[in-house]
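Right, one structure below, let's go through it.
The values are calculated or read from the model by the stated rules, or taken from the named source; none is laboratory data. Quantities reported herein were computed from a predicted structural model and do not represent experimental measurements. Neighbour counts run over all protein chains shown; Cβ positions are idealised from the backbone, glycine included. Just so you know, the surface numbers come from the protein's heavy atoms only, side chains and all, with ligands and any DNA or RNA stripped out. Shrake-Rupley method; radii C 1.70, N 1.55, O 1.52, S 1.80 Å.
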Amino acid sequence: MRDLFERHAIARAYAAGDYLFHSGDPVRVVHLCLTGEVALRRVTRSGADLILNVARAGDVVAEAAAFAEAYHCDAQSLEDSDTLAVPVESFLSVLAANPELALDWAAKLARGLQAARRRAEIRTIRTVGGRLDAWLETGGAVPAKGRWQDLAAELGVSREALYRELASRRS
């Protein structure tokens, strides 16, 4: 997959907090995350910040956008990040011409769907402690203190509720 990006891509660098795109922007490129972390964020109708997914090195950012006209969420760099951006037309034409690569892409999409279902299941757990336990049991980790609000957004809980839960576990 990286070969495809390197042949057709433009390197881009983002500082922590920068946006790669916003909800409603037309889809023109597909990003491969090389370094750092990029969060797909959406603000719910009630105003809650929700992280839908976090792309890390080797991940495609908002992979479903390759088949959409506009992005359905914001992509924000959580830390300094580098990406390779490939025009969506190039990306899709290379996939269409290479069945092996298309199969790899389908497998990557399936793993992403499985992860999304795990996150959705975690968000159905009633207590913050239960959500945190499930997150940790599925390989998640508590980030450094300055990034706890991002974990709260991934778990679908308020920052304050997560802070209280983490404080109770320390005592």
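The residues of region 115-142 that are among the hydrophobic types (A, V, I, L, M, F, W, C), more than 17 Å from the chain's Cα centre (by Cα) and more than 17 Å from residue 160 (Cα to Cα), listed by number, are 125, 134, 136. Taking region 80-171 as the region of interest, the helices (runs of 4 or more DSSP H) fully inside it that hold 2 or more residues being at pLDDT below 90 and surrounded by 14 or more Cβ atoms within 10 Å (Cβ to Cβ) are 88-97, 99-123, 148-155.
Quick grid of which residues meet (1) within 15 Å of the chain's Cα centre (by Cα); (2) under 23 Å from residue 42 (Cα atoms):
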site: 87; (1), (2): no, no
site: 101; (1), (2): no, no
site: 113; (1), (2): yes, yes
site: 144; (1), (2): no, yes
site: 153; (1), (2): yes, yes
site: 161; (1), (2): no, yes
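Could you tell me how many of the residues in region 47-79 are touching a Ser or Thr at 6+ places or on another chain (Cβ under 7 Å) and open to solvent by 60 Å² or more (accessible area, probe 1.4 Å)? Result for region 47-79: 2. The strands (runs of 3 or more DSSP E) found wholly in region 1-79 and carrying at least 2 residues that are in contact (Cβ under 8 Å) with a residue 40 or more places away in the chain and within 13 Å of the chain's Cα centre (by Cα) occupy 19-21, 29-35, 37-43, 49-56, 74-77.
Residue pairs whose Cβ atoms lie under 6 Å apart, sitting 6 or more positions apart in sequence or on different chains, and linking a residue in region 115-142 that is within 12 Å of residue 52 (Cα to Cα) to a partner that is assigned to a loop (DSSP other than H, G, I, E, B) and among the small types (Gly, Ala, Ser), are 123/156.
Among residues of region 98-114 that are under 16 Å from residue 62 (Cα atoms) and among the hydroxyl-bearing types (Ser, Thr, Tyr), none has a Cβ under 7 angstrom from a residue that is open to solvent by 50 Å² or more (accessible area, probe 1.4 Å) and not in a helix (DSSP H, G or I) at a sequence gap of 6+ or on a separate chain. Selection over region 51-73 of residues that are hydrophobic (A, V, I, L, M, F, W, C) and touching a helix residue (DSSP H, G or I) at 6+ places or on another chain (Cβ under 6 Å) gives a count of 2.
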